[in-house]
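Here you go, one structure.
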Amino acid sequence: VIADFLVQGAQMLIVLLTAPMLTGLVRKIKARMLRRAGPPVIQPYRDLVRLMRKEVVLADTASWLFRVIPYFIFAATWVASSLVPTFRTGLLFSWSADLIAIIALLGSARFALALAGLDVGTSFGGIGSSREVMIASLAEPAMIMIVFTLALVAGSTQLSTMAGFMESSAVGLRVSLGLALIALVMVAIAENARIPVDNPATHLELTMVHEAMVLEYSGRHLALIELSASLKLLLYLSLIACVFAPWGLAGPSAGLGALAVGALAYLGKLATGGFLLALFETSIAKMRVFRVPEFLGAALMLGLLATLLLFVSRSL
Amino acid sequence: MPMLAPTVVVLACAALLLVLAIAAVWIGRTRAGTTIIYGASLVIALTAFLAGMAQLLRGGVPADDIMLPLGLPWIGVRFRMDALSAFFVVVVDLGAATASLFAIGYGSHERARLRVLPFYPAFLAGMNLVVLADDAFSFLVAWEFMSLSSWALVVAHHRVPDNVRAGYVYLIMASLGTLALLLTFGVLAGPHGGYAFAEIRAAHPSPALSALVLCLAVVGTGSKAGLVPLHVWLPLAHPAAPSHVSALMSGVMTKVAVYGFVRIVFDLLGEPAWWWSMLVLMLAGMTCVMGVLYALMQHDLKRLLAYHTVENIGIIFIALGLGLAFKAYGMAWAAALALTAGLLHVFNHSLFKSLLFFGAGAVLTATGERDMEHLGGLIHRMPHTAFAFLIGCAAISALPPLNGFVSEWLVFQAILLSPQLPSWGLKFLVPAVGALLAFSATLAAACFVKAFGITFLGRARSSAASAARETDRFSLAAMFSFAALCLIAGILPGLFIDALAPVVQVLAGGRMPVQTGVEWLSIVPIAQSRSSYNGLLVFLFMVISGALAASAIHRLASDKLRRAPAWDCGYPDACPATQYTASSFAQPIRRVFGSVVFRAREQVEMAPPGDPRPARMTVVMHDPVWETLYLPVAAGVGYAAERLNHLQSLTIRQFLSIVFAALVVLLLVLALWP
């Protein structure tokens, strides 16, 4: 039990510590592809430390809610991301929330962030919140449809069971899984406010969504929100890796060697995912806000189609 | 001495409430009248709640029949409290007790006291009697009593033109519903007139008659519950009543309608046919999405809440429809899961919807405003109300670790069992319903970001909002007790699921696995390896990690804080009108979904250069249900009335010849009848 406890603790620390690295890596690769030198990979850590040490400048009209929300978002995102198997399945607390609950935890974080956008009473916060909930209103159902697909294939909404099933030979090639993967990537892009849905680097008011909501945040609050955003990106990459590329994932009774292999494989998967994300982002332009519903509507339809296929035949 | 039977206690409570209603005509005139009436209602409702609870926790043992020599002489009036009734007694009286507590404070602002006080206890008594009734006659009488007393409360403020219209539409729809129920029981009782529920249960109607009963029951109970397209009265009538009554109508009376549906379809009607669930699921899925889309378009806080009740009724009926489907194919364990999900949502919704209406009532007393466009910034002026309202918003948006999430999670788990259903129609319908459910769940979150964000956050949009004062202690006590229950039901759902087991056992013929024995108090719908959820641990993890992060950062990094004007990209505007409003918040969603569903069109009217007139933007929206279903019917009735109007001014000879012709036709029909 103590070993299980340690593994769960290690997972919590690993996600927390690698998340900014992943963000830095994506930025670096993007910069290199654009023939820029780019900031060093560890730059996000420096930013976080700097932000945490700075004082918070709080708007006069901000309420207590505005100050609590960063901690809430961080807590929800951290808990969610430490329940997704990264290097080992069967984590000690993995059964306390299945995939639907993990999605809903992220939903809680988004709910809180959208409220924070409205709290100060500026028009930028409002624009961010209202667009965020519009995007979420399509992204989340699409995600639930993907969960349905995976759950119907694996016979469980529990991530550990799912990963175990996907690793076994019972999976085979399935149309529904292909559709679900495409949909999941689309949802992940939208949820993490990446190009083409949103641009994490922009401050142009007509286009921004996530950045508009957090515009009034500063100091340690901003640091927590940035960290949560990194954690969320990591969560989605881990999710895709654990379900669609479960190779190397250590089993519940694995020894130290298998754990090390699992950890290395995980880092490798993260690096690959980050590279693909950077590649995708540099090769595409941002969409208009009102094109986003079409993009996410496609994801929703793919998810629904995948689920329907499984209702027709369990082997599709 | 044997303990007093719970049925007798609840029945006595109902009788006391009726006495109280009559006494209120005189007590209401005194100065302490409000406190006395609501205080007495609180005590009585609490007693009934405890009795219902005792009955439910005893496992709903075959309850004793009570027959009173009232009503029609050869029928009598029968009452009985089985597990299902006991559960709904708990829901009704918990809501009633808390609403009475709220009203001790809230009701003192009432100007037209005598229009509210006598009808309030009568309304409570009506709801209790519907749930206890054990024969069709007393069920219908109690049902109609509940409708009429709530109608009186809806038109309590009859000087407001909107309220009169609401009362009118409500009366028509309630009559339609009762008519459908009357026919339902008429068909169920058969030609021999066995009106007692026990006799109806023993009879086995033919499939055609069962189908007829199902359709009639859907219309009868669905119109009271608010199933689309029978919901039109609900968003008019619920907000029109005083807020504690709105809370009861939305949180509790719709549940009594759900009780009616469950009682008739699951209990009285016998074995379901597979296609019944198709009908229920289709209506429910449509109800879900339409309800929340309507709610998003509102800027009246109470009307938004009322429309949102429609969505939750949809969720409950989705669960009930799934239960019907599983039951029709003999999958008792799956039916038990779906029914538990539905009934748990009944309970949860009664908690958070009442809580939200209490909050809206508190805002209404503090500011005199229901229109969100004139509110804002109330979190500074009413911090406690804001906190309780926030809990309600998060719970209704199905966010973990609160209770709304648990019941929706169970519905999703039930949906995931449906590939095992053999029918092809259901195989295609259920995933679509699942998508609609997921869709409405996220839109609900959007809706409540708007409701809370525009009302309580930001800066005050009117002087009334900037001068608001925190509400009284009684109202706060009512709100906080429900907020606490939302959290408890969210982190310890196993207790509630186990309490529902005897109810589900009777209706579905099976039950969910016992939850209280599961380690760490998780809930496990089927098996651990398949799915499990632990609200308690999720809650604890979040509290610990949030507190850990806060203390670490404050200790190790910085805890300094400075207040300054808002940044707003360098151009902060002091005027509160520059904030996002309720309608601007909903604009993206209106553009994406509303342009299809409501044919929403935006017209911008810009004055030419040099003209000092302000620019105008108008949004035109059409209510699809009202315009395609109700207006044609109303027009048809009007047309027929106009044509028949000529009959008034005929001569006596013409009248006599019409009578003669009618007689001949009737005799002919009788002669030709096979």
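Of the residues in region B:600-613, how many are more than 19 Å from B:S583 (Cα to Cα) and open to solvent by 80 Å² or more (accessible area, probe 1.4 Å)?
Of the residues in that region, 5 qualify.
Check region B:347-357 and report whether any residue there is surrounded by fewer than 24 Cβ atoms within 10 Å (Cβ to Cβ) and at pLDDT 95 or above.
Yes, region B:347-357 has at least one match.
Also, I was wondering about something else. Conditions: (1) open to solvent by 10 Å² or more (accessible area, probe 1.4 Å); (2) part of a loop (DSSP other than H, G, I, E, B). B:A464 meets all but one. Number of the miss?
Against the list (1) open to solvent by 10 Å² or more (accessible area, probe 1.4 Å); (2) part of a loop (DSSP other than H, G, I, E, B), B:A464 comes up short only on (2).
Continuing with this model, one more query. Please verify whether A:V187 is open to solvent by less than 10 Å² (accessible area, probe 1.4 Å) and in contact (Cβ under 8 Å) with a residue 40 or more places away in the chain, treating the condition exactly as stated.
yes
Taking only pairs six or more apart or across chains, which ones have beta-carbon atoms under 8 Å, a first residue in region B:383-409 that is open to solvent by less than 10 Å² (accessible area, probe 1.4 Å), and a second residue that is outside any helix (DSSP H, G or I) and of a type in the set (D, E)?
Close Cβ pairs (under 8 Å, with a partner that is outside any helix (DSSP H, G or I) and of a type in the set (D, E)) amount to B:T385/B:E470.
Can you tell me which of B:S657, B:S595, B:S649 is at pLDDT 90 or above and among the polar types (S, T, N, Q)?
Working: B:S595 fails: at pLDDT 90 or above; B:S649 fails: at pLDDT 90 or above.
From the options B:S657, B:S595, B:S649, the qualifying one is B:S657.
From A:T23, A:T61, A:T86, which residue is touching a residue at least 24 places away in the same chain (Cβ under 8 Å), open to solvent by 10 Å² or more (accessible area, probe 1.4 Å), of a type in the set (S, T, Y) and away from every other protein chain (no Cβ under 11 Å)? Give the steps one after another, and end with the answer.
Numbers: A:T61 fails: away from every other protein chain (no Cβ under 11 Å); A:T86 fails: open to solvent by 10 Å² or more (accessible area, probe 1.4 Å).
After ruling out the rest, the residue left standing is A:T23.
Now, a different point. Take region A:220-245 and flag every residue that is of a type in the set (G, A, S), within 30 Å of A:S168 (Cα to Cα) and open to solvent by 10 Å² or more (accessible area, probe 1.4 Å).
Answer for region A:220-245, where residues must be of a type in the set (G, A, S), within 30 Å of A:S168 (Cα to Cα) and open to solvent by 10 Å² or more (accessible area, probe 1.4 Å): A:A241, A:A245.
Of (1) away from every other protein chain (no Cβ under 11 Å); (2) at pLDDT below 95; (3) open to solvent by less than 10 Å² (accessible area, probe 1.4 Å), B:G368 satisfies all except one. Which?
All conditions are met except number (3).
Identify all residues within region B:417-441 that are open to solvent by 10 Å² or more (accessible area, probe 1.4 Å) and either hydrophobic (A, V, I, L, M, F, W, C) or over 24 Å from B:I526 (Cβ atoms) (or both); write none if there are none.
Across region B:417-441, the qualifying residues are B:W424, B:G425, B:F428, B:L429, B:A432, B:A435, B:L436, B:F439, B:A441.
Of the residues that make up region A:292-312, is at least one within 15 Å of A:I189 (Cβ to Cβ) and without any contact (Cβ under 8 Å) to a residue 40 or more places away in the chain?
yes
One line per residue, one yes/no per condition, for (1) among the acidic types (D, E); (2) touching a Ser or Thr at 6+ places or on another chain (Cβ under 9 Å):
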residue: B:L230; (1), (2): no, yes
residue: B:Y259; (1), (2): no, yes
residue: B:W275; (1), (2): no, yes
residue: B:G285; (1), (2): no, yes
residue: B:D300; (1), (2): yes, no
residue: B:L304; (1), (2): no, no
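Within the bounds of region B:620-633, is there any residue that is in contact with a Gly (Cβ under 8 Å, 6 or more places away or on another chain) and under 30 Å from B:A446 (Cα atoms)?
Here is the first cut: in region B:620-633, the residues in contact with a Gly (Cβ under 8 Å, 6 or more places away or on another chain) are B:621.
Now drop any that are not under 30 Å from B:A446 (Cα atoms), which leaves B:621.
Yes; the residues of region B:620-633 include at least one that is in contact with a Gly (Cβ under 8 Å, 6 or more places away or on another chain) and under 30 Å from B:A446 (Cα atoms).
Quick one: which residue in A:V171, A:V120 is modelled with pLDDT of 90 or more and β-branched (V, I, T)?
Exactly one residue qualifies, and that residue is A:V120.
What is the number of the single condition among (1) more than 7 Å from every other protein chain (Cβ to nearest Cβ); (2) buried (at least 17 other Cβ atoms within 10 Å of the Cβ); (3) without any contact (Cβ under 8 Å) to a residue 24 or more places away in the chain; (4) outside any helix (DSSP H, G or I) that B:I526 does not meet?
(3)
Same structure again: Restricting to region B:453-466, name every residue that is away from chain A (no Cβ under 14 Å) and either touching a residue at least 24 places away in the same chain (Cβ under 8 Å) or within 19 Å of B:S243 (Cβ to Cβ) (or both).
B:A464
The values are calculated or read from the model by the stated rules, or taken from the named source; none is laboratory data. Since the model is a prediction, treat every value here as computed from it, not as a measurement. Positions of Cβ are backbone-derived with ideal geometry, glycine not excepted, and every protein chain shown enters the neighbour counts. Note: areas computed on protein heavy atoms with side chains; ligands, DNA, RNA excluded. Shrake-Rupley method; radii C 1.70, N 1.55, O 1.52, S 1.80 Å.
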